[in-house]
Amino acid sequence: MRIEKYFYGVCALCLLLSCQQVAKQVDTPVLPTKPFEMGEVVITKGPFKHAEEKETAYLLELEPDRFLSGFRSEAGLVPKAPKYEGWESLGVAGQSLGHYLSACAMYYATSGDERFLQRLEYTINELDSCQQANGDGYLAATPDGKRIFKEVSAGKIYSQGFDLNGGWVPLYVMHKVLAGLIDTYQYAHNERALAVAEKLANWMYGTFQHLTEEQMQKVLACEFGGMNEALANLYACTKNEKFLALAQRFDNHKAIMDSLAVGVDDLEGKHANTQVPKVIGAARLYELTGSKRDSAIASFFWHTVVQNHSYVNGGNSDGEHFGTPGQLNERLSTSNTETCNTYNMLKLTRHLFSWQSLPEYSAYYERAVFNHILASQNPDDGMCTYYTPLISPA
């Protein structure tokens, strides 16, 4: 958990400086506001510079071979180092490598520090070796993942919300890996990372595209992160229509998206950060396709979360879940405002601000990045919190 939260911290700082450029097509909306490119803005002093230095040092302490351990073992290769403890030694193994790729790529693009480029190149080469050993484009560290996806592809699908065929959120993890590969290509210009991402996406297309709508909804019942966003970004890089078609399938989680599309807040009781990434994906698909449904989903979700579900620091959720809209005073605890949620809400805000540069978006961004993201880091040792509580412990 410590590893993942740290990556969200360094990526949040990089989000202050830049974001991905959107693809331009004839039928896509014109975005009036564009961000600075990575490296065009440099933090020179103050609390954000201090946070950057702490996080940079921590990233360099981490060992790529430990992140790669599960990928090698699942590919039938001998690991070069033991796995990290925590989630990396459990069923959700592999996600931290995706975060690590994104963090290193963004920081390299911001700083030009060659140490991060070297780590990226080594890690991508290792992932390429694992993918080749798997033989079909599959790439994951999920224990028993090959069995899980073989069953899913055959139409045998079951989930209780955080498992898919008994595996702990394997698509959530795969999204992090795919996003990390794409970030490595976009920010560090690593062509092999794009090739690995394309092979993985082609494997996904073969696994999911033939499923019926009913079967796909069963798949989507298990947390899948922002797979629609990653596939949309890959489509923007490659113009491969298969990736767009698959992104749109992941975008159509009816249990969530149908209500948001018509302006109904049905979020109470739902796991908060399961929803934010898929809405970011909807925003990205609007930018690539002009889908009014996707723009309506993204806009309504942002407004209802910020206005009805967010605390004073810009964060949301208690115990990772949304509550009754507009009733936060009775939901103060040591489990308020999960940092992941705010990081993802900042990503969504940047999309909306590029569509309409309204003060409400910039005001929320400033509030959340100062009062939650920066506040989530211990300035002494640089470690970050999972929650930022809004009540003092007894």
Using a 7 Å offset from Cα along Cα-Cβ at H50, what residues in segment 356-394 end up with backbone N under 18 Å from the label point?
369-385
Rg/Rh over Cα atoms for segment 26-143, Kirkwood Rh, comes to 1.07
Modelled label-to-label distance, D65 and Q356, 7 Å Cα→beta-carbon offset: nm?
5.4
Among the Cα-Cα pairs of segment 167-254, the proportion with separation greater than 15 Å, in percent, is 55
State the percentage of accessible surface on segment 291-349 attributable to carbon and sulfur atoms; use a 1.4 Å probe and exclude ligands, DNA and RNA.
48
Convex hull of segment 343-389 built on C-alpha atoms - directionally averaged projected area, nm²
3.5
Restricting attention to the alpha-carbon atoms of segment 253-347, what are Rg (one decimal) and Dmax (integer), both in Å?
12.9, 41
Could you check how much of the accessible area of segment 136-257 is carbon and sulfur, as a whole percent, using a 1.4 Å probe?
52
Simple spin-label model, 7 Å along Cα-to-Cβ: T33 to F370 in nm?
1.7
Rounded to the nearest 10 Å², the 1.4 Å probe accessible area of D380 is 120
If you count only protein heavy atoms with a 1.4 Å probe, what accessible area per residue comes out for segment 231-324, rounded to a whole Å²?
30
Identify the GluC sites (Glu not before Pro) of segment 73-145 meeting these criteria: DSSP loop state and at most 14 other C-beta atoms within 10 Å of the C-beta.
E85
Mind checking the log10 I(q)/I(0) for segment 305-394 at q = 0.16, 0.23 Å⁻¹? Debye, one equal scatterer per Cα, no solvent, two decimals.
-0.62, -1.14
Can you give the local net charge around A75? Use residues other than it whose beta-carbon is closer than 15 angstrom to its beta-carbon, Lys and Arg +1, Asp and Glu -1.
0
Heavy-atom surface of segment 36-102, accessible at 1.4 Å and reported per residue (Å²):
45
Of the listed values (1) 0.96; (2) 1.02; (3) 0.93, grab the one calculated as Rg/Rh (Cα atoms, Kirkwood Rh) from the structure here.
(3)
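The values are calculated or read from the model by the stated rules, or taken from the named source; none is laboratory data. Note that the structure is predicted; figures quoted are calculated from it, not measured. Backbone-built Cβ (ideal geometry, glycine too); neighbour counts: all protein chains shown. Ligands, DNA and RNA are excluded from the accessible area calculation, which covers all protein heavy atoms including side chains. Shrake-Rupley method; radii C 1.70, N 1.55, O 1.52, S 1.80 Å.
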